[in-house]
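One structure below.
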Amino acid sequence: MQQVENLTVGQLRRFLAELEKQKAVTEDTKIFLDTGWDSIQEIAPNALSIEEAKIFQIEDPLNHEIFQGYSLLEKAEKMKATGQIEKVLIIRNLY
């Protein structure tokens, strides 16, 4: 089963602490999301929230490999998510 490592709040806090030491990074430094396409995506100022999620598994129909992902609680039933509900930090990028 393929499993991707997630960034944690602790790792994010350590990164932000390091940013404080960089004079070139100011309060006005913009934040973007790199999705692998040619352009980077803007992140809206109201894009951050704490929500609940559950783990789900999905099978690749071509090679039958199993992948694990997370679904927000309101979509968990649709994704046949199982396991414990987890608090997660969400960065919304809806466009």
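The numbers here are math on the coordinates, done by the rules we state, and not lab data. Note that this is a predicted model, so its numbers are computed, not measured. Glycine also receives a Cβ, built like all others from the backbone with ideal geometry; neighbour counts cover every protein chain displayed.
Observations
- Working from label points 7 Å from Cα in the Cα-to-Cβ sense, the Glu27 to Ile66 distance is 5.0 nm.
- Here the Karplus curve 6.51 cos²θ - 1.76 cosθ + 1.60, taken at θ = phi - 60°, turns the phi angles of the stretch 82-87 into couplings of 10, x, 6, 6, 10, 7 Hz, with x standing for Gly and Pro.
- FRET efficiency estimate (nearest 0.05) - Cβ-Cβ, Lys75 to Glu20, R0 30 angstrom: 0.25
- Cα-centre dipole for the chain with unit charges at Cβ (Lys and Arg positive, Asp and Glu negative), debye to 20: 280
- Fraction of beta bridges assigned by DSSP in the chain that are antiparallel (%, nearest 5): 95
- Spatially near lysine pairs across the chain, Cα under 24 Å, sequence gap of 8 or more or different chains: 7
- Across the chain, Cα pairs under 8 Å and at least six residues apart give a relative contact order of 30 percent.
- In the stretch 1-58, the trypsin sites (Lys or Arg not before Pro) that fall in loop regions by DSSP, at most 16 other Cβ within 10 Å: Lys21, Lys23, Lys30
- Counted residue by residue at 0.36 nm each, then reduced by the alpha carbon distance between them, the extension gain from Glu59 to Asp34 reaches 6.4 nm.
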